[in-house]
Amino acid sequence: MEWIYILETTEGVNRIKVGKAVDVETRVRGIQSMSPVQLQLIWTEEQYNVSIRERQLHRRLRDYHVFGEWFNYSVEVAVILVNYGVMLHEYTPTLVKTPINTGVFSKETTTIQFSSVLLGESM
């Protein structure tokens, strides 16, 4: 089995990378050594059809594509990921899991809130 993962930039422009690897730790170290900014692993999932899942996520995020496997990261992207079954709150401990009526995204606290929906729950 392989892993699909999502990396997030922790400074500068908000971007994520959706990729796959047999050994996520080694892959992340390799990418980090080539990156001009610090990266944070925000999600991983082990599965058999990792190439299919990765392609599906890339297609869902195509409107936010920057280059390669990198995408702009915004509240809209977070919603797409959550709707697709990515459980971000498991890997982002400062995530707020309370429903509100107005959407708010704050990079300083990594707060993502949505009206009438708790992150990580099915919609």
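Only the coordinates and a few stated rules stand behind these numbers; no lab work does. Nothing here was measured: the structure is a model prediction, and the numbers come from that model. Positions of Cβ are backbone-derived with ideal geometry, glycine not excepted, and every protein chain shown enters the neighbour counts.
Worth a mention:
- For the stretch 8-75, GluC sites (Glu not before Pro) meeting the loop criterion (DSSP other than H, G, I, E, B) and having at most 11 other Cβ atoms within 10 Å: E11.
- Modelled FRET efficiency - R0 25 Å, S74 with E46, Cβ distances, 0.05 increments: 0.40
- Total formal charge among the other residues, if their Cβ is under 12 angstrom from that of H65, Lys/Arg +1 and Asp/Glu -1: +3
- Relative contact order for the stretch 2-84, counting Cα pairs under 8 Å that sit 6 or more residues apart, in percent: 35 percent
- Ratio of Rg to Rh for the stretch 2-84: 0.93 [Cα atoms; Kirkwood radius as inverse mean 1/r over pairs].
- In a fully extended conformation the segment linking R29 and Y84 would gain 17.2 nm over its present Cα-Cα distance, using 0.36 nm per residue.
- Stretchable slack from T10 to F67, in nm (0.36 nm times residue separation minus alpha-carbon distance): 18.7 nm
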